[in-house]
């Protein structure tokens, strides 16, 4: 088990279902059945200490639900999450820097909150010294502590969110689309800051994003999600050099590439189906150019025999056998 | 020059406030030809949406066009009154906005919204308009039109809703379409479908398109030419390939460097120090000079311009004259 010896987070067969049934009376009168949405449907991955694992996928694929499950904001419906560390040292950075800071609190109080909650005995002088230090760490001035969140731009607010997350001296940060609301030049500043902090403080990131170019820059390992499942998980360089799942390939084909613009590409057809009634078998089969009969009836698993459990796809499995 | 559909000359948009007049768009000149897609790119607050809105005549008061002219196929449209502008908007200029949920009325079936728009702008009767609506829905790639025409907006997915909005914009066969962040609310695979659709319509119908977005990737994939805006001014304009690969303006260079690449590994992304100035604190001279590594005395004194008849160029003294020392102003 050398692979897992340094793991900080192990997620195994994780499931989260939401009840989206019509109200009881409607079900009774209209004879509607109960409906369940499987937001996360049998997900497993391992994050090594000091690394970044990124979850990518389109909206509704369940990546943010996983963030909430890992941080404990949702309880899992099945499976397990094992965190080999101090639960108090797990923090989160949210997408919207406008909604995630209390507009009535001064910045110093926002940043000090985790300190005061986790270590209530800390003397006040120490708290304010720590807040000043944190503000400097994220590239703001200690004098900014007396201001209110509305006095800052989006990028600066995200720096405040990061300072707040760092206040609890975290070892593990869950970042849910931390730069999606920001302009590209500001995004670059925040991404560089996050990389620097990771190196200096030996942080581990669970990084959630829909932007493959951002993920490529940040992550060591990328997990591609589709309708609540991980269809492919690979080290970043391997994923871009040799994508195994047809969905990953289509995704890589669709994103605009600034190094080779204006390609007359044919966009991927169809849309992500509703997670309330996902297609049978492999949920990607209606859009998949390689799908065959087996994909419609049977759900592919990440197979230990082929590709080292990296991909859940019958076509990729067969391809691997052909090579052997 | 007959095929110029949109001709904007020295456009200036101002917002009078209690603390003084703010200039949201400062001396912008651009042209779009038949069948051409011009991308307008910039970060939040750069004035790109304001430019689009002033072309549509939809500036929110107290915003107003303070100077400059806008011509649509030779007709001046910036000085029209509200009534006259209403007949231009929709008929001659189509609009597509970011959020397809708010551009459609949730209480009406999409078919009825299409029919209403078609009948407003043409003299088709009801059944002919319905046929035309179906035709448009087919053209923008909506499957099972016969059933979908009587659906409500909420019954469509985001991508399909944006297709309906595009169909609405096409109702009167406009000469120009202003698309303001049309793909920003959509997932990448749907985004590619919508940009491909825009490209196809533009090619087949010869419609001129002004594509306003913050996403350089979308511009690179879709537009023929691109205008880069910074602090209400035009920083650079030119063919997409040139601007993306060989940017002339230091701001464009910085912007391109700050986007993570899909091919090259970099330890650190390039950063532009500081942030875009607020409208009430635009520095003297070139608006970018406090953040620019090459800034010199001339940049701090004189505003660099792109001559309004130019189709390519950068508003940068270094790019234009090769020096940032004091020019003739000294």
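Here are some notes:
- Just one of the listed residues (A:252, A:212) is surrounded by fewer than 18 Cβ atoms within 10 Å (Cβ to Cβ), under 26 Å from residue A:289 (Cα atoms) and within 13 Å of chain B (Cβ to nearest Cβ), namely A:252.
- Among the numbered conditions (1) within 13 Å of chain A (Cβ to nearest Cβ); (2) at pLDDT 90 or above; (3) crowded, with 16+ Cβ neighbours inside 10 Å, the only one that residue B:275 does not meet is (2).
- Within the range A:18-40, residues that are closer than 20 Å to residue A:60 by Cβ reach partners that are at pLDDT 90 or above and in a helix (DSSP H, G or I) with beta carbons closer than 7 Å, at six or more positions or on different chains, in the pairs A:39/A:65; A:40/A:65; A:40/A:66; A:40/A:69.
- Qualifying residue in the range B:158-168 (condition: within 14 Å of chain A (Cβ to nearest Cβ), surrounded by fewer than 24 Cβ atoms within 10 Å (Cβ to Cβ) and within 15 Å of the chain's Cα centre (by Cα)): no
- Residue within the range A:279-290 that is under 24 Å from the mean Cα position of the chain (by Cα), buried (at least 20 other Cβ atoms within 10 Å of the Cβ) and assigned to a strand (DSSP E or B) present: no
- Among the criteria (1) free of Cβ contacts under 8 Å to residues at least 24 places away in the same chain; (2) under 26 Å from residue B:196 (Cβ atoms), the one residue B:79 does not fulfil is (2).
- Qualifying residue in the range A:41-53 (condition: within 14 Å of chain B (Cβ to nearest Cβ) and outside any loop (DSSP other than H, G, I, E, B)): yes
- The condition of being more than 20 Å from residue A:146 (Cα to Cα) and surrounded by fewer than 18 Cβ atoms within 10 Å (Cβ to Cβ) holds for only one of A:109, A:87, A:104, A:116, that being A:87.
- Count of residues meeting criterion [crowded, with 19+ Cβ neighbours inside 10 Å and at pLDDT 90 or above] in the range B:135-148: 2
- Residues satisfying the stated conditions in the range B:239-255, i.e. touching a residue at least 24 places away in the same chain (Cβ under 8 Å), more than 7 Å from every other protein chain (Cβ to nearest Cβ) and in a helix (DSSP H, G or I): B:242, B:250, B:251, B:252
- One residue from B:298, B:291 being more than 14 Å from chain A (Cβ to nearest Cβ) and surrounded by 16 or more Cβ atoms within 10 Å (Cβ to Cβ): B:298
- The residues of the range B:179-236 that are within 19 Å of residue B:30 (Cβ to Cβ), in a helix (DSSP H, G or I) and within 9 Å of chain A (Cβ to nearest Cβ), listed by number, are B:216, B:218, B:219, B:220, B:222.
The values are calculated or read from the model by the stated rules, or taken from the named source; none is laboratory data. Keep in mind that this is a model prediction, so the values were computed, not measured. Glycine gets a Cβ as well: all are built from the backbone with ideal geometry, and neighbour counts include every protein chain shown.
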